[in-house]
Amino acid sequence: MNDGIDLDSQTRTGLAEAWGLGPHSRFSTLGNGLINRTLLVEDGGRQRVLQCLNTRVFRDPAMVIRNCHAVTAHLGRKRAAGRYDYAVLELVPTLAGEPAARLADGAWWRMYDHVPDTRTFDTADDPAITREAGRGFASFAAALADLEPGAVGEVIPHFHDPVTRFASFRAALDADRMGRGAGARAECDAALAFEELLAHWRRLRGAGLPWRITHNDCKLNNLLFDRDNRAICVVDLDTVMPGTLLFDFGDMARTMLSPVPEDSTELARVEVRHGHFAALARGYVEGCEGQLTPLERDNLVFAARLVTGVIGLRFLTDYLDGDRYFRVTRPAHNLERARNQFALLASLARQADALQAMVPGSA
């Protein structure tokens, strides 16, 4: 096959046999995801997306595939009935009728139809994009509200759980297996201060915070936009599982409120843009279609602080542990990401009351 990237012959052959790809299919890298490997395949004038699951992260790939199939099928039915306005990335079955292929080397691959003429953003320059994103991710969660909870399993236990993530950080700091702790003292101190948020988190769980089927990875670049900057499709469904809307809103906030990406080293530019927060909150409340409870609505700023801190913990934990989870391109990449997230967390904390007052209907 004529490849745009270096793909080994065994993988090329396995993919061709699984989906009937022609001998002149061309593969190229798509996106900049930190976990899975994503390719664009051009075959006979048709473009489709191939993705190889990272089984070090997703220990039960069969569950990931079942979840994706259940979610996309449910959304597809809703779209056909006129009750979901966004495109759906439905899985393309293999020639054997399976939703994914397991190749001879044990790798799990799946295929989606490619949504043409779309773009993604790593940061939002226009509050209108932020509002579109909020509405898009909220509509996704709202459309899954009537999906049978048992249809979706927990692919990564305690994925966003702040108590577990804080404990993992403490264990990594105590072990300091790479000898990096001393050089990350300021970041470790910021991470230790995160413990102050755990008491309120426990109060929310005790007060009956609703547990729903949620996306759990609502970064801005997991949403496709058309040429007019309208959100048209939610992507990267690997972490769709039971969770809380606070996780989804918090992840959106941390990737849309700052004018620079999560790995930017321009810390002086890491700040909360009030216009973007107001747009995000407005879009999210609109997209939830009345499903957001007062407890959830009144804790959206807390959600932003919580998830920003959790992601900062995860970056720092991975740095201390030798960069074994997130893909890095330079030696201190994860440390830089953590430093960025803790700077954003500090900005959120300073402005918490003013931001919460911008949430429509907030007490």
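The values are calculated or read from the model by the stated rules, or taken from the named source; none is laboratory data. For clarity, every value in this text was computed on a predicted model and none was experimentally measured. Every residue, glycine as well, gets a Cβ built from its backbone with ideal geometry; the counts of neighbours run over all protein chains shown.
List of remarks:
Residue-wise test of (1) surrounded by fewer than 13 Cβ atoms within 10 Å (Cβ to Cβ); (2) outside any helix (DSSP H, G or I); (3) out of contact with any strand residue (DSSP E or B) (no Cβ under 6 Å at 6 or more places or on another chain).
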| residue | (1), (2), (3) |
| --- | --- |
| Arg135 | no, no, yes |
| Phe140 | no, no, no |
| Gly150 | yes, no, yes |
| Gly153 | no, yes, yes |
| Ile156 | no, yes, yes |
| His160 | no, yes, yes |
| Arg165 | no, no, yes |
| Ser168 | no, no, yes |
| Leu173 | no, no, yes |
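- Whichever residue in the stretch 291-337 is small (Gly, Ala, Ser) and within 16 Å of Glu262 (Cβ to Cβ) and, among such residues, is farthest from the chain's Cα centre (by Cα): Ala332
- Where Pro116 falls short, out of the listed (1) part of a loop (DSSP other than H, G, I, E, B); (2) closer than 23 Å to Asp217 by Cβ: (2)
- Residue-level check: of (1) part of a loop (DSSP other than H, G, I, E, B); (2) on the phi < 0 side of the Ramachandran plot; (3) assigned by TED's automatic domain parsing to the domain that holds Ala143, Asp323 misses just (2).
- The set of residues from the stretch 13-64 being on the phi > 0 side of the Ramachandran plot and touching a residue at least 24 places away in the same chain (Cβ under 8 Å) comprises Gly20, Gly31.
- In the stretch 113-128, of all residues being farther than 20 Å from Leu50 by Cβ and buried (at least 16 other Cβ atoms within 10 Å of the Cβ), the one that is modelled with the highest pLDDT corresponds to Pro127.
- Close pairs (7 angstrom Cβ cut-off, 6 or more residues apart or separate chains): assigned by TED's automatic domain parsing to the domain that holds Thr72 in the stretch 236-252, buried (at least 24 other Cβ atoms within 10 Å of the Cβ) and in a loop (DSSP other than H, G, I, E, B) anywhere: none
- Qualifying residue in the stretch 340-358 (condition: more than 18 Å from the chain's Cα centre (by Cα), outside any helix (DSSP H, G or I) and buried (at least 23 other Cβ atoms within 10 Å of the Cβ)): no
- If you filter the stretch 15-71 down to residues that are touching a strand residue (DSSP E or B) at 6+ places or on another chain (Cβ under 7 Å) and in a helix (DSSP H, G or I), you find that the one that is nearest to Val328 (Cα to Cα) is Pro61.
- In the set Ala87, Ala100, only one residue is surrounded by 15 or more Cβ atoms within 10 Å (Cβ to Cβ) and within 16 Å of Asp238 (Cα to Cα); that residue is Ala100.
- The C-beta contact set for the stretch 297-308 (first residue under 12 Å from His160 (Cα atoms), second residue surrounded by 24 or more Cβ atoms within 10 Å (Cβ to Cβ) and among the charged types (D, E, K, R), distance under 7 angstrom, 6+ apart or interchain) comprises Val307/Asp251; Val307/Arg254; Thr308/Arg254.
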